[in-house]
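The structure appears right after this line, and notes come after that.
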Amino acid sequence: MKQVIHAACPHDCPDACGVLITVEDGRATKIQGDPGHPVTRGFLCAKVAKYLDRVYSPDRVLYPMRRIAPKGLTAGGAKAGEGACATQSWQRITWDEALDEIAARFRAIIAEFGSEAILPYSYGGTLGALNGASMDRRFFSRLGASQLERTICSSAGEAGLESVFGVKLGTEPEQFIHARYIIAWASNIHGNNVHLWPFIAEARRRGAKLVVIDPYRTRTAACADWYLPINPGTDGALALAMMHVIISEGLHDADYVAKYTLGFDHLVEKVKAYPPERAAQWTGIAAEDIRKLAREYATVRPSVIRLNYGVQRSEGGGMATRAIVMLPCIIGSLKEVGGGLHLSTSGAFGLNNDALRRPDLKPEDRQRPPRVVNMVRLGEALNTLSDPPVKALFVYNSNPAAVCPNHNEVVRGLKRPDLFAVVHEQFFTDTTDYADIVLPATTFFEHKDLQTAYGHYYLQVSDQAIEPLGECRANVEAFRALAGRMGFQDPCFAETIDQMIDGALASSNPWLDGLNRERLEREGQVRLNFSSQLPVAGGQPETTPGIHKAHEPFLPFASGNFRTPSGKAELYSEAMIALGLDPVAEFTPPAESRHGGQGKAFPLELLARKSDNFLNSTFSNLPSVQTMEETNLLEMHSADARARGIADGETVRVYNRRGEIFLKARVDGAVQSGVVSAKLNWAKLGPGFRNINVLTSEKLSDLGNSATFYSVLVEVEPAKSFP
Ligand SMILES: Nc1nc2c(c(=O)[nH]1)N[C@H]1C(S)=C(S)[C@@H](COP(=O)(O)OP(=O)(O)OC[C@H]3O[C@@H](n4cnc5c(=O)[nH]c(N)nc54)[C@H](O)[C@@H]3O)O[C@H]1N2
Ligand SMILES: Nc1nc2c(c(=O)[nH]1)N[C@H]1C(S)=C(S)[C@@H](COP(=O)(O)OP(=O)(O)OC[C@H]3O[C@@H](n4cnc5c(=O)[nH]c(N)nc54)[C@H](O)[C@@H]3O)O[C@H]1N2
Ligand code: SF4
Ligand SMILES: [Mo]
């Protein structure tokens with residue numbers, strides 16, 4: 001029998017694609033992008049187009065496993081799949097045995113150290129509303145475990161965005177075709193957000209100009225009309241200088257500013273300190289170019305900014321984002337179809353997360369809230385926390401031994417013989433190498449979920465296409481079973497998947513009106529119900545050619561309606577003062593930068609980037625995907641290479657106080673002098689079984705306690721020999 005199932009890609013990607021899976025006699029035989037999804041438009045990225053290889057990979061974890069060898073990489077464990085799951089490391093056990101052992105260890109740890117000695121660790125393995133954050137959160141709250149502060153990705157940028165808009169909303173991708181001036185700001189569109197590209201391509205056919213601001217010459221930068229390589233971590237200075245030009249030349253929208261923003265006078269004062277000449281010294285962008293950019297951005301309309309999270313992986317990333325988000329507020333482009341700014345759309349979905357996650361649950365004998373541990377500082381938590389120490393770690397939806405900064409410290413902590421570690425995974429990753437118990441997890445083909453997005457406004461139900469492989473269980477089911485083993489009687493642990501979806505949709509958010517489960521199941525994807533929005537101030541909605549259902553463009557801030565305390569776009573924010581920050585915005589060079597004073601011993605700025613064909617560390621073990629991505633490279637500028645006697649293709653040692661890694665030099669002009677770049681991969685597939693996170697720092701950003709993967713100083717030298 002042949003069936004086509006509608007699912008939604010749950011990977012941590014703004015596009016949240018609609019997916020069609022063909023199933024024949026119980027086996028998935030084809031995957032394609034849903035042509036009915038207005039943003040997916042029938043195509044998938046290269047890595048997910050090969051998803052059958054992932055689902056049916058011989059390297060999948062299919063059964064619960066118990067460690068029978070010492071923790072760490074076993075001999076021959078360098079290759080994905082092979083050594084790591086070699087029979088000498090693992091003993092297959094039943095789910096019952098695994099659950100009994102976990103429950104027994106948890107009980108013993110709670111008795112001796114208290115429940116906060118248990119730490120959950122999860123991030124973006126799946127962004128499905130259920131398998132991303134529901135039964136797991138219920139379980140750990142009820143258990144009284146330490147809570148995880150999940151800020152490894154986007155929290156600085158989110159805080160910066162919300163400090164101005166009060167909510168995470170952005171220009172819908174479909175509107176980009178109407179833009180005449182598009183700035184891709186720290187936005188690797190071809191790599192990380194490929195479904196936005198057709199809309200930009202259409203806008204360019206209609207005459208739009210594409211500007212890219214990025215220290216790395218991405219594929220998007222290579223095909224831009226104007227590429228501005230910027231020094232890492234200096235975007236705040238650029239945005240403030242652009243506002244200096246816009247305001248001093250009277251190019252701002254005085255009417256919009258007066259009606260819908262707060263604190264413009266303070267901004268006027270602040271930007272006086274940022275003439276283009278001053279910003280040029282930090283950013284490396286010529287003052288004349290800053291002027292030209294500001295003028296064009298303010299006058300070639302509609303103009304839109306696709307800001308992405310590259311800016312905020314920096315010590316001053318929150319403030320930089322805040323300053324950039326002010327730009328559309330002062331030029332009034334938020335009222336134009338095809339104008340505004342897009343960083344995230346996730347604030348529109350407003351699911352009933354309390355129903356999903358039940359933060360009210362707690363152990364019967366606990367009054368105070370549990371301790372909070374920041375996920376970026378896992379190494380520090382495992383190695384130094386006391387009162388209580390972390391005695392058990394439960395990892396799911398994440399691969400911290402690859403993605404977490406300061407890798408050597410993370411591994412030191414994971415190696416602790418007294419740490420009881422459980423990892424729920426699809427593959428034998430870097431992290432399972434340190435697990436006591438590995439539990440097998442389903443892929444999205446094998447479970448049902450509800451899917452929001454952070455790059456568009458369509459909600460989807462992702463149907464289950466095939467039965468779970470082996471003894472794999474979805475996250476919801478694993479935590480349901482564990483709750484049972486711990487004796488938790490609360491009715492929420494017995495809810496069915498459909499009840500959980502219904503609960504998530506039972507929200508006070510008016511944009512969910514009319515979007516029930518049955519309709520989502522029938523239609524696959526449904527645009528949020530924006531019909532109740534306030535009337536649009538400017539521009540008549542146009543039909544979008546090539547796009548299926550024409551709809552009214554969503555312009556949430558056309559007439560203000562910001563969700564800040566004042567209801568206005570806050571160019572001046574009391575909340576910043578409370579955090580000890582400048583209420584307007586300020587540029588401070590990152591301490592780990594060439595301007596920051598630590599540049600003597602380690603003079604090069606490292607971009608520890610993502611790979612275009614992997615998703616963070618996910619996919620990096622799959623042979624058919626590996627062929628698309630060249631790994632273990634250090635990209636550097638010819639001047640820096642020459643100064644160190646390094647030729648293209650030679651092995652180099654890249655190092656700082658935290659660690660070292662040996663990579664192959666690539667001198668091809670992707671970065672400017674002073675900047676080097678390398679990409680994320682599974683550590684055990686890298687040289688010396690490590691990855692670029694041996695060099696990155698646990699330091700947190702100015703806002704949102706985010707990771708600072710792009711504020712890293714290193715030095716590079718020729719390697720005499722490969723160790
Ligand atoms: N193919 C692919 N897609 C992905 C991912 C992946 O790993 N691979 N990861 C997913 C995840 S988790 C996320 S959060 C999103 C993130 O997507 P993005 O926000 O696009 O994330 P990054 O790739 O970190 O950064 C984007 C760009 O910012 C640039 N950049 C770095 N530092 C600076 C700076 O100081 N200033 C400026 N102007 N630019 C800077 C980088 O060179 C990069 O090209 O993508 C998702 N999609
Ligand atoms: N150097 C450097 N480091 C980075 C970044 C960077 O740009 N540079 N990016 C950072 C960012 S933005 C992010 S978001 C983080 C991402 O950090 P993570 O979210 O840890 O990212 P992944 O590497 O994708 O690992 C997710 C793991 O979850 C597993 N998984 C997938 N689906 C499921 C499921 O349904 N159940 C279970 N139990 N497991 C599942 C996958 O097999 C995979 O191993 O990495 C951060 N680390
Ligand atoms: S990873 Fe992103 S682009 Fe690729 S299929 Fe998933 S949602 Fe679409
Ligand atoms: Mo991320």
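Throughout, read-outs are computed from the coordinates displayed, never taken from laboratory work. Quick caveat: nothing in here was measured; it's all calculated off a predicted structure. Methodologically, a virtual Cβ is constructed for each residue, glycine included, from the backbone with ideal geometry; neighbour enumeration extends over all protein chains shown.
A compact table of results
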| quantity | calculated |
| --- | --- |
| Loop-located trypsin sites (Lys or Arg not before Pro) in the range 566-639 whose Cβ has at most 11 other Cβ within 10 Å (DSSP) | Lys600 |
| Student exercise, the range 604-718 dipole from Lys, Arg, Asp, Glu Cβ charges, in Debye to nearest 20 | 300 |
| For the chain, size of Cβ-based charge dipole, Lys and Arg +1, Asp and Glu -1, in debye | 880 |
| Footprinting exposure proxy for Arg301, Arg27 (fewest neighbouring C-beta atoms within 10 Å first) | Arg27, Arg301 |
| Relative contact order (percent, whole number), the chain, Cα cutoff 8 Å, 6+ residue spacing | 20 |
| Considering only the chain, percent of DSSP beta bridges that pair antiparallel, nearest 5 | 50 |
| Nitroxide proxy distance, nm - points 7 Å out along Cα→Cβ at Asp354 and Tyr56 | 4.7 |
| Label-point gap, in nm, between Lys292 and Asp498 - each point 7 angstrom along Cα→Cβ | 6.1 |
| Reference-scaled alpha-carbon Rg (2.2 N^0.38 Å with N residues) for the chain | 0.93 |
| Rg to Rh quotient for the range 604-718, alpha carbon positions, Kirkwood Rh | 0.96 |
| Out-of-range pairs (alpha-carbon distance over 23 Å; input Lys362/Lys699; Lys71/Lys684; Lys270/Lys335) | Lys362/Lys699; Lys270/Lys335 |
